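Heads up: the structure comes next, in structure tokens.
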Amino acid sequence: MLDTAIDLLRGRRIAVLTGAGISTDSGIPDYRGEGAPRRTPMVFDTFRSSEDARRRYWAGSHLGWRRFVSVHPNDGHRALARLEQAGLVTGIATQNVDDLHERAGSREVVHVHGQMHTVSCLDCGRTYDRQRIAEDIERRNPWIVVPEQVRLQPDGDVEIDASQRFEVPVCPVCGGMLKPDVVFFGELVPPKVFAAARDVIAAGEVVLVAGTSLVVNSGTRLLEVARREDVPIVIVNRGETKWDARSAVRVEGGTSETLTAIADALVAPF
Ligand SMILES: [Zn+2]
């Protein structure tokens, strides 16, 4: 299967779609994978309407972000960056909110579900660097510490016990409600972001899907772009995906070793 995939990818412009599975080897669990803890993602309306929900969300999200900055890209991210540097990968649309693709060296990356490194004000629309807001949180909550063994979630969140003492950050300019630039449940992917992701996929003569079971609607909508144009789809994933029957080839396996094997086969060593 791997050889078939390599034959299909060779000589074609490759567009990439990635999901949580590519970051699991960096220590970020895929909550849809087997054995992953069940959890309830934050719903946008709940976040907006409940101060208690915001307090819990921000406390957990802050601890998660502090842990996130200490994780590192893995061989899967590096293989895709190598393919892009060789001019073979034209871009990556990722469902992940981490920045591991960028830190591995990929340049053309669209975060379909947003990313956790900036924070926006829901009232005035200003955007802030996450680090600045994190410092504000720690000024307001000097008791907060990052537990060494907190359990990271794919959306950069951490499950913690709600502390009534936790004080949420507010917009430094208007005092309004702040939210990380992550797409919550019940929230639409911004049309501009989706259009950019669609452009990434449409630029490919083959689409390489890595580390996602494609149960999320945005992934399906992106692959429909390829399918309508009869662009072949290559899937690398551990476990079944919703698009197995519609793919040209599916490689069962981890993304780190499989993408490394693909990059080794396609990129000349000099
Ligand atoms: Zn504001």
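When region 169-190 is filtered for residues that are of a type outside the set (G, A, S) and either at pLDDT 95 or above or within 16 Å of the ligand (Cβ to nearest atom) (or both), the ones remaining, listed by number, are P169, V170, C171, P172, V173, C174, M177, L178, K179, P180, D181.
Only a single criterion out of (1) away from the ligand (no atom under 16 Å from the Cβ); (2) surrounded by 19 or more Cβ atoms within 10 Å (Cβ to Cβ); (3) not in a helix (DSSP H, G or I) is not satisfied by I201, namely (3).
Pick from region 238-259 the residues that are open to solvent by less than 60 Å² (accessible area, probe 1.4 Å) and in a helix (DSSP H, G or I): which of them is farthest from N96 (Cα to Cα)? Out of the qualifying residues, it is D244. Selection of first residues in region 173-198 that are closer than 24 Å to I14 by Cβ and of a type outside the set (A, V, I, L, M, F, W, C) and of second residues that are within 16 Å of the ligand (Cβ to nearest atom) and open to solvent by 30 Å² or more (accessible area, probe 1.4 Å), restricted to Cβ pairs under 8 Å at least 6 apart or on distinct chains, gives an empty result. If you filter region 211-237 down to residues that are open to solvent by 30 Å² or more (accessible area, probe 1.4 Å) and of a type in the set (S, T, N, Q), you find that the one that is nearest to P29 (Cα to Cα) is S213. Of the listed requirements (1) closer than 29 Å to L88 by Cβ; (2) modelled with pLDDT under 95; (3) assigned to a loop (DSSP other than H, G, I, E, B); (4) open to solvent by less than 30 Å² (accessible area, probe 1.4 Å), F166 misses just one: (1).
Checking each residue in region 110-130 for being near the ligand (Cβ under 10 Å from one of its atoms) and of a type in the set (G, A, S) picks out S120, G125. Which of the residues belonging to region 52-62 are within 22 Å of the chain's Cα centre (by Cα) and either without any contact (Cβ under 8 Å) to a residue 12 or more places away in the chain or open to solvent by less than 10 Å² (accessible area, probe 1.4 Å) (or both)? Residues satisfying the conditions are W58, A59, G60, S61, H62.
Here region 68-121 is the region considered, the condition is being in a loop (DSSP other than H, G, I, E, B) and on the phi > 0 side of the Ramachandran plot, and the residue that is least open to solvent (accessible area, probe 1.4 Å) is G105. Return the total of residues in region 211-270 being more than 22 Å from A197 (Cα to Cα) and within 20 Å of the chain's Cα centre (by Cα). Count: 9.
The values are calculated or read from the model by the stated rules, or taken from the named source; none is laboratory data. Note that the coordinates shown come from a computational prediction; the quantities given were computed from them, not determined experimentally. Positions of Cβ are backbone-derived with ideal geometry, glycine not excepted, and every protein chain shown enters the neighbour counts. Just so you know, the surface numbers come from the protein's heavy atoms only, side chains and all, with ligands and any DNA or RNA stripped out. Shrake-Rupley method; radii C 1.70, N 1.55, O 1.52, S 1.80 Å.
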